[in-house]
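Written out below as structure tokens is the structure these notes cover.
The values are calculated or read from the model by the stated rules, or taken from the named source; none is laboratory data. Model, not experiment: these values are computed from the prediction. In this analysis, Cβ positions are derived from the backbone assuming ideal geometry, glycine residues included, and neighbour counts consider all displayed protein chains. Protein only, heavy atoms only, side chains kept; ligands, DNA and RNA dropped before computing areas. Shrake-Rupley method; radii C 1.70, N 1.55, O 1.52, S 1.80 Å.
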Amino acid sequence: VIAIVWMCLTYVFDQFGDYNKQWKEIIRIIIYGIILFFGPFLFFWGGFANIPQFISNISSNLETYTIINGVTFTGCVVHVFNIQPDGYDLAISILKPITYVIAGIFIIATPLFTKRWEKVLTISLILVTLPSHSGNYCALYLIPAIIAFLNEEKHKIHELIVLIGLTSILFIVYVYESFKVGPKFGILVCIIYMLVKSIIVICKFINKYI
């Protein structure tokens, strides 16, 4: 449910980047998001009284799984570069702040992108890599970005880098146990590519309007 609600942000950010902003559509999608988030609680005994238990479950999950597990940015770097357990604390102290910086850059750049797949991919990367824990299955949340990328009629040569990353992410679907590094490698490739592209887009915007 949370994944569906947060993916609605892709549409909202897409509208922010559109010169003909459809504010009614933005408000409507936000309302839908609120309904999708809180609505399911009504199907459980106690209704909204279960929200504290929901929060407690999230806290328990964060206590059980560390940030190096799954497909967080920190987890991807740790596993792709095979950082050993004695270096986890140092890696976390360095990579966690970097994750927030990258997410901030992505948020600023998203409305400035002109292609839909770029917007979908940056928002999806934030949702997958920013949390304190994202299970390996969370890499599947990038499937909308893969579809958006493939729907684009023309691609520049350097955009094939993204295709390599997205293809690697798909390894989680059919060789999950034998090739766990695949999705992590793919996510890192996409993050690096979109980070460079985000910085370029932001710099162009600054030079044009400031």
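Numbers below:
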| read-out | value |
| --- | --- |
| Some residue of the range 61-73 being part of a helix (DSSP H, G or I), of a type outside the set (Gly, Ala, Ser) and modelled with pLDDT of 85 or more | yes |
| Selection status of Phe41, in contact with a Ser or Thr (Cβ under 7 Å, 6 or more places away or on another chain), modelled with pLDDT under 80 and in a helix (DSSP H, G or I) | no |
| Qualifying residues in the range 94-124 (those that are in a helix (DSSP H, G or I) and farther than 23 Å from Cys138 by Cβ) - the one most open to solvent (accessible area, probe 1.4 Å) | Ile108 |
| Those residues of the range 76-130 which are of a type in the set (D, E, K, R) and touching a residue at least 24 places away in the same chain (Cβ under 8 Å), in sequence order | Lys96, Lys115, Arg116, Glu118, Lys119 |
| Of all residues making up the range 128-180, the number that are among the β-branched types (Val, Ile, Thr), modelled with pLDDT under 80 and either more than 23 Å from Val196 (Cα to Cα) or crowded, with 16+ Cβ neighbours inside 10 Å (or both) | 4 |
